[in-house]
Structure formats: C-alpha cells, structure tokens
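The structure appears below as structure tokens.
The values are calculated or read from the model by the stated rules, or taken from the named source; none is laboratory data. This is a predicted model, so every value here is computed, not measured. Heads up, the Cβs are rebuilt from the backbone with ideal geometry, glycines too, and the neighbour counts pull from every protein chain shown.
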Amino acid sequence: MKILSITAGAAEMYCGSCLRDNALAAALLARGHQVTLLPLYTPTVTDEPNMSSGRRVFLGGISVYLQQHVALFRHTPWLVDRLWDAPGVIKRFAARSIDVDPRMLGALTVSTLKGEGGYQRKEIAKLLAWLADEPRPDVVNLPNSMLIALATPIRRAIDKPIVVTLQGEDLFLDGLPDPFREQALTLIRERVKDVDLFVSVSEYYAAFMSEYLGIPASRIRTVPLGVNVNDFQPALQLRPPDRPHTIGYFARIAPEKGLQNLAEAYCRLRTERGLPASRLAAAGYLSKSDRAYLATVERTLADCGLADEFEYRGTVDRVTKIRFLQDLDVLSVPSPYHEPKGLYLLEAMACGVPVVQPNHGAFPEMIGRTGGGLLAASERPADIADAIQELWQDRERAAALSQRGVHGVRAHYTIDLMAERTLSVYRELVESRAAGDPSHQTVSVASR
C-alpha cells in the first residue's frame, strides 16, 4: 500500500504526536508498505531514527508566520521562499522565532483553517504542486483536525481517501483566546464532511471528539498508541538496595501536565505521611514561557524544606530516557488536562515502573488494559499522595503492578499492533471505495 502520512513538527520539542507518527511510519515501512512521512511547519524531532523526508518542509513555520503578518510575503516567488523554507533554516530559528503558544497564534490558526481562503494559500499551492509530481498514494493521513482544511484541496488533486488522526488538539484549540477559539472550532466542524474517516488514539478521545467537533461516531476508528518495546527493559534487579525511594515525572514541564500537583503530593508524603528521605525526579521539555512555572514548583518544594530532594533532568534522548525511567519506583503525571494519549505511561510500564494517574481521560483504559498502575480519585495532590503512599507501603503490590505493566504493554500497546490496526482502517477505506460503498463516497461527491 502507498501511504502519504503528513506529520506536524513542533519546533525543538519532543512531541508525543511526532513520536507516534514516526513510530507508525517505521512499522509500516518494515512491513513493506511505501510510506512517505511528510513534515509540516518544522522538521520533526524524534528519539528513534527519523522516517520523515529531510529535504522538504511544507507550510514552513517561517513562511506561514510571514504570510500571516506581512502581505508582501503572500506574493513572493516560490524560488525566493526557498531561502527560509529550507529545513536547516527553519530548525535554526525554530527555538527563537516560532511560538507554539496558542495564546499567541489565534489569528494564524484561523487563517490556516480557512485553507485556500486564508493568507497561507500559497503554501497549499506548493504542497499540491509537489503532490502532482509524486506517485499517487492509496490513502492520505493528516496528523490532526487543525489541518483539516488540507483535505479538500488534496482530494481535488489526487482523488484519494483522507484520514485525520485525533491526538490531543483540543488542548491547543481551547487555549486560543476568544474570538479565535470559536472561529477555529466552527471552521473545523464545517469541514468534518470533507474527511473519510477519523482515527482516535484512545477510546476516551473518540467519544470526546465526536461531541467536541460534531463527528459522527460511525466515522471514527480507535487505534491505540504503540511503543517500540525492544529497548524498554525492566531494571529492578540492578538498583542498589540502599537507594532512596524515587518518584518520577516524565512529560512536558507545563501547567496542563501537573508537575505542581506532584510536588505538593510529595510534600505531603514527606511531611505528613511518614515517607523517609526520598527523591522527586522530573524530565521533559521546558519552554521559555514555562520557566516561571518550574520556578514555582521549585519554590513549593523549598518551602517544605525539600529542595535538595528534587532534580529536573531537562530534555532527554532515548537512551537517557530509558535510564531515567528504569531508576524510578513509581511514575506519576497528575495532569488536570484529560489526556488522550499518555505515551509516557506506556514507556514507564514497559520498563517495569508502576504508574499513578488521575481517574480521567485515557488513563482508565490504559491502566485497566495493562494492569500496570493505580488510578487516583483525581489529580489533586492529596489524592495523588494517597495512591503513591499505597504503593510505597505495599511493596508486594507494587512489584505485581510492575510485572503486569511489563506484560500488559507488550500485549496491548506495541508499534506492531498499532501498525496492524492502522492498516485495517486504511484497507477498509480502499476496499469500500473500490466496492462503491456509498457510506465512503458521500465525501467525494460533496467535495467535487
């Protein structure tokens, strides 16, 4: 099968969606399928071999920004645009010049969602020109609903089925200031009809996005996340017996991920619950705009007299990430956001680390399916402290959860399973179109 998989870069950040898209492309390629993983906005950053084309970045972040704010750049020759559309140029400027904070990107998001009616129409024309010279794929996969405006022009150009992955874009959309949030949601909802099928990364998110974007449930398929478990090995037997109890956090350092909740839970455990001197270790991407948030977390621990028990390890590569996870007794990312993915949970459990998560979002189905952790009543510090204390006091139960997690991830959440489930969705579309199934032809007729 020939697959065009479009992925959206996130500047210098390790992005869960980028990691997922890249791992899926690798697994499909390993099965002999022809996959083109095409980056938009910025080159992608992954912790495994990068499957995306490094030669071109479409809808380049610099061009998109310039065309939004300076009318001249909407009409510059494509040859001139190559000066700042080069992946190396975008990558060098991404950290300083491309802001991914939704509070700063309202008008740009709305313009992009207008597609060929927005300021970035020239960028869509570049993509279509490239498509015209490429072998025609059997299916095209867009990485999120915020790129849904590409569905109609791509279908017009190649007349092939369009799939959109749903993997956490509501967090960005809800962060847009008014009136841009409502404008963006209206534009997406109007274009749902332009897509053949939507693929959700969790059962929770399928139900949520059906209501949030008005997508008929019959047009959503769920393909759970998958991880490459080959190098995620448990290391419990390698830990020194006298090492301190270590509670870990692995995610972006941002309010919506809940490090502050974990810090306050740690303070309760140490000052009220009898936990002896231990460690709280955090790793993950930290943006410039969230440095003040990390400072608040550090002040919370300092006020409890626990500053020397906390360590922020920064952004880590794959090898360092695995070592970080293998050194934990428990991992918790007590996010107030109802998370649809939680890739970090799968990676931790694959390493034999039991997890403690709030009882919302995709966490109940992930922990229920693997058996590798506990669900706290909520993300509130007291509830998180209760669940972590339960594991600390009952080491046998913690060990049992560790083993269940190791086996549960390998039984339900591998990249091989993700690839097979995704192929099933693609085959459904291709075969139904070949058979003339009217349920999958409505979109094609409506978009002509």
Quiz item: Can you pull out the residues in the stretch 275-297 that are touching a strand residue (DSSP E or B) at 6+ places or on another chain (Cβ under 7 Å) and not in a loop (DSSP other than H, G, I, E, B)?
Solution: Arg279, Leu280, Ala281, Ala282, Ala283, Leu294
Quiz item: Consider Ala217 against the criteria (1) within 18 Å of Pro340 (Cα to Cα); (2) among the aliphatic types (A, V, I, L, M); (3) surrounded by 19 or more Cβ atoms within 10 Å (Cβ to Cβ): it satisfies all of them except one. Which criterion is unmet?
Solution: (3)
Quiz item: Thr422 versus (1) among the polar types (S, T, N, Q); (2) touching a Lys or Arg at 6+ places or on another chain (Cβ under 8 Å); (3) not assigned by TED's automatic domain parsing to the domain that holds Thr271: which is the lone unmet condition?
Solution: (2)
Self-check item: Flag for Gly168 being out of contact with any Leu (no Cβ under 8 Å at 6 or more places or on another chain), in contact (Cβ under 8 Å) with a residue 40 or more places away in the chain and not acidic (Asp, Glu)
Solution: yes
Quiz prompt | Residue check for Ala263: buried (at least 19 other Cβ atoms within 10 Å of the Cβ), in the same structural domain as Pro334 (by TED's automatic domain parsing), among the hydrophobic types (A, V, I, L, M, F, W, C) and under 19 Å from Gly16 (Cβ atoms) | solution = no
Exercise. Please find, within the stretch 377-420, the residue that is surrounded by the most Cβ atoms within 10 Å (Cβ to Cβ) out of those that are over 27 Å from Pro255 (Cβ atoms) and of a type in the set (D, E, K, R).
Key: Arg404
Self-check item: Failed item, numbered, when Asp231 is tested on (1) over 30 Å from Leu280 (Cβ atoms); (2) of a type in the set (Asp, Glu); (3) modelled with pLDDT under 95
Solution: (1)
Quiz item: If you check Gly168 against the conditions, is it surrounded by 17 or more Cβ atoms within 10 Å (Cβ to Cβ) and on the phi > 0 side of the Ramachandran plot?
Solution: yes
Exercise. Tell me, yes or no, whether the stretch 180-196 has at least one residue that is over 30 Å from Leu345 (Cα atoms) and among the aromatic types (Phe, Trp, Tyr).
Key: yes
Quiz item: For Ala71, are the conditions met, namely being at pLDDT 95 or above and in the same structural domain as Thr7 (by TED's automatic domain parsing)?
Solution: yes
Quiz item: Which one of the conditions (1) within 24 Å of Ala26 (Cβ to Cβ); (2) not assigned by TED's automatic domain parsing to the domain that holds Asn261 does Glu431 fail to meet, given that it meets all the rest?
Solution: (1)
Quiz item: Can you tell me which residues in the stretch 343-357 are in contact (Cβ under 8 Å) with a residue 40 or more places away in the chain and not in a helix (DSSP H, G or I)?
Solution: Cys351, Gly352, Val353, Pro354, Val355
Quiz prompt | Unmet criterion (only one of (1) free of Cβ contacts under 8 Å to residues at least 60 places away in the same chain; (2) under 24 Å from Ala362 (Cα atoms)) for Asp303 | solution = (2)
Practice problem: Would you mention how many residues in the stretch 300-335 are more than 22 Å from Ala376 (Cα to Cα), part of a helix (DSSP H, G or I) and of a type in the set (S, T, N, Q)? | Solution: 2
Quiz prompt | Residues (of a type in the set (Ser, Thr, Tyr) and under 24 Å from Tyr285 (Cα atoms)) located in the stretch 1-52 | solution = Thr7, Tyr14, Ser17, Tyr41, Thr42, Thr44, Thr46, Ser52
Quiz prompt | the stretch 30-55, subset out of contact with any strand residue (DSSP E or B) (no Cβ under 7 Å at 6 or more places or on another chain) and surrounded by fewer than 16 Cβ atoms within 10 Å (Cβ to Cβ), residue modelled with the lowest pLDDT | solution = Gly54
Quiz prompt | Counted residues, the stretch 374-421 - those being assigned to a helix (DSSP H, G or I), among the β-branched types (Val, Ile, Thr) and touching a Gly at 6+ places or on another chain (Cβ under 9 Å) | solution = 4
Self-check item: Where Asp47 falls short, out of the listed (1) under 15 Å from the mean Cα position of the chain (by Cα); (2) under 25 Å from Ser111 (Cβ atoms)
Solution: (2)
Practice problem: Starting from residues that are touching a Phe, Trp or Tyr at 6+ places or on another chain (Cβ under 8 Å) and small (Gly, Ala, Ser), keep the ones in the stretch 221-257 and report whichever is surrounded by the fewest Cβ atoms within 10 Å (Cβ to Cβ). | Solution: Ala254
Quiz item: Name the strands (runs of 3 or more DSSP E) wholly within the stretch 128-239 that hold at least 3 residues that are of a type in the set (A, V, I, L, M, F, W, C) and assigned by TED's automatic domain parsing to the domain that holds Leu105?
Solution: 139-142, 162-166, 197-200
